[in-house]
Amino acid sequence: ALSEYCTSNDWSSVNGVAYARRFSSLIEEYDAIWSGLAVLDLSMLSRVSFKGPDAAACIARLSSAPCKELHQFESGRGLILNAAGHVCDLCEVTRLGDTLFILTMSRSNYRRIAAATEGLDVAVEDLSGSVGALGLFGPNARSAAKDLGFELEPDETAMSGQIRGVDSLSKPTAIGRVIGVELIFPQQEALTIWERISALFTPTPVGLHAAQALRLEGGTPCPGADFTSADDAASSLGLTPSEIGLPHLAPVNRAWFTGRTGLQEREVKRQLVSVMSDIASLEPGARVFLRDGDKQNRGGPQIGILRSSAYSPYFRGTVGMVDVEIEALGKQFDRKDERVKSGTTFSIQLPKAGQVADASLIETHEQRLASSYRERLFAATE
């Protein structure tokens, strides 16, 4: 059904699922997120249910998500780490009952799930091939969900319900700083759900380009694009939560989770930082240098590379994620707060020889959450 809206015929693939880079135009799709009803297909994500007396303990083995602290229908974000504290994936857990959870991930992580269940009384079911999911964003998102038979509680917790007599779920979701509603339903009802949406509203499907702009504006890194999963990297190349800018998703003052000990032993050596440039387009892989006043330090040491980028209508320029080396930053890195100092500027080398683009740090939603977490952590240890 969504393919009929893809006038650009510009397609890519996510987890083996065909996905439009853009359905019409980036600006039109981006505007719908703020002023209309934008629809994002989320069916390509991996979803696994954990049911049984040891379901919470199993998820704690697998991730840093706060499953034991969640009340029914609450959700919490976390990370999947290896024993050394290196990040394998981002995840979110939703508690549906005393012994029932759904874990959402960007990839399958089958091997890690199998290891986490060993010796525990828990039944695991991969839901990825049996459910569909839509993210609704914009001012009309909640009313659209309600007209479809989905509702959210005022406190923004999830709600279970029935669509045509089949159990379904609605819960809050977000891309960067944008809050929306995620609808999860049996896959065989996907077309019915879509027909209801299109009959009651004028939905605007959102492609990968607009979604990436929102993600980068919010400062959320993507495994595979901004960093290599620890499952795919040599041990020396794995990054910690602090190094990808998400220490708040694996708090070391929380109860045990896999990788927690490794985090306490690792010094930050690299970090992903969010930047903005007035240039309309920047190529991932571009070399990044520190900028000193009016001087473009391309003759000095390279301090990092641009991992991913997207044009941002909000900033009217390109936003990107830069992987920087802490040692090369020198005094521009605050080791106490584990962040690049405010006011640091960069030069990004363009493909054409001799040309550079200026870039500056931006404060993102994830950065604010990380700073708040560090402040609480310091206060508790003083």
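The values are calculated or read from the model by the stated rules, or taken from the named source; none is laboratory data. Small disclaimer: the values here were computed from a predicted structure and weren't measured. Using ideal geometry, Cβ is built from the backbone for each residue, glycine included, and neighbour counts are taken over all protein chains shown. Heads up: the accessible areas ignore ligands, DNA and RNA and are worked out on the full protein's heavy atoms, side chains in. Shrake-Rupley method; radii C 1.70, N 1.55, O 1.52, S 1.80 Å.
Of note:
- Among the residues making up region 325-360, those that are assigned to a helix (DSSP H, G or I) and touching a Lys or Arg at 6+ places or on another chain (Cβ under 9 Å) are 326, 327, 329, 331, 332.
- Qualifying positions in region 1-12 - open to solvent by 30 Å² or more (accessible area, probe 1.4 Å) and either hydrophobic (A, V, I, L, M, F, W, C) or closer than 30 Å to residue 100 by Cβ (or both): 1, 2, 11
- Test set (1) modelled with pLDDT of 90 or more; (2) crowded, with 20+ Cβ neighbours inside 10 Å - residue 67 fails condition number: (1)
- Taken over region 85-111, the criterion of being in contact with a Lys or Arg (Cβ under 9 Å, 6 or more places away or on another chain) and open to solvent by 50 Å² or more (accessible area, probe 1.4 Å) is satisfied by 99, 100.
- Taken over region 361-382, the criterion of being of a type in the set (A, V, I, L, M) and either in contact with a helix residue (DSSP H, G or I) (Cβ under 6 Å, 6 or more places away or on another chain) or assigned to a helix (DSSP H, G or I) (or both) is satisfied by 369, 370, 377, 379, 380.
- Total residues in region 13-44, condition open to solvent by 40 Å² or more (accessible area, probe 1.4 Å), of a type in the set (Ser, Thr, Tyr) and not in a loop (DSSP other than H, G, I, E, B): 2
- Subset of region 291-313 [open to solvent by 30 Å² or more (accessible area, probe 1.4 Å) and modelled with pLDDT of 90 or more]: 305, 307, 311
- When the residues of region 265-283 are filtered to those that are more than 15 Å from residue 325 (Cβ to Cβ), in contact (Cβ under 8 Å) with a residue 40 or more places away in the chain and not β-branched (Val, Ile, Thr), the one that is most open to solvent (accessible area, probe 1.4 Å) is 265.
- All strands (runs of 3 or more DSSP E) inside region 50-108 with 1 or more residues being aromatic (Phe, Trp, Tyr): 100-105
- The listed residue being within 30 Å of residue 31 (Cα to Cα), over 16 Å from the mean Cα position of the chain (by Cα) and modelled with pLDDT under 95, out of 255, 225, 280, 233: 280
- Selected residue (criterion: least open to solvent (accessible area, probe 1.4 Å)) from residues of region 339-372 that are touching a residue at least 24 places away in the same chain (Cβ under 8 Å) and farther than 17 Å from residue 272 by Cα: 357
- Region 166-197, residues that are among the small types (Gly, Ala, Ser) and in contact (Cβ under 8 Å) with a residue 24 or more places away in the chain: 170, 174, 176, 180, 190
Residues are listed down the side, and each one gets a yes or a no for (1) outside any loop (DSSP other than H, G, I, E, B); (2) open to solvent by 10 Å² or more (accessible area, probe 1.4 Å); (3) over 11 Å from residue 87 (Cα atoms); (4) in contact (Cβ under 8 Å) with a residue 60 or more places away in the chain:
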position	(1), (2), (3), (4)
220	no, yes, yes, yes
225	no, yes, yes, yes
230	no, yes, no, yes
233	no, yes, no, yes
242	no, yes, no, yes
248	yes, yes, yes, yes
255	no, yes, yes, yes
261	yes, yes, yes, yes
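- The one condition in (1) closer than 28 Å to residue 189 by Cβ; (2) open to solvent by less than 40 Å² (accessible area, probe 1.4 Å) that residue 74 fails to fulfil: (2)
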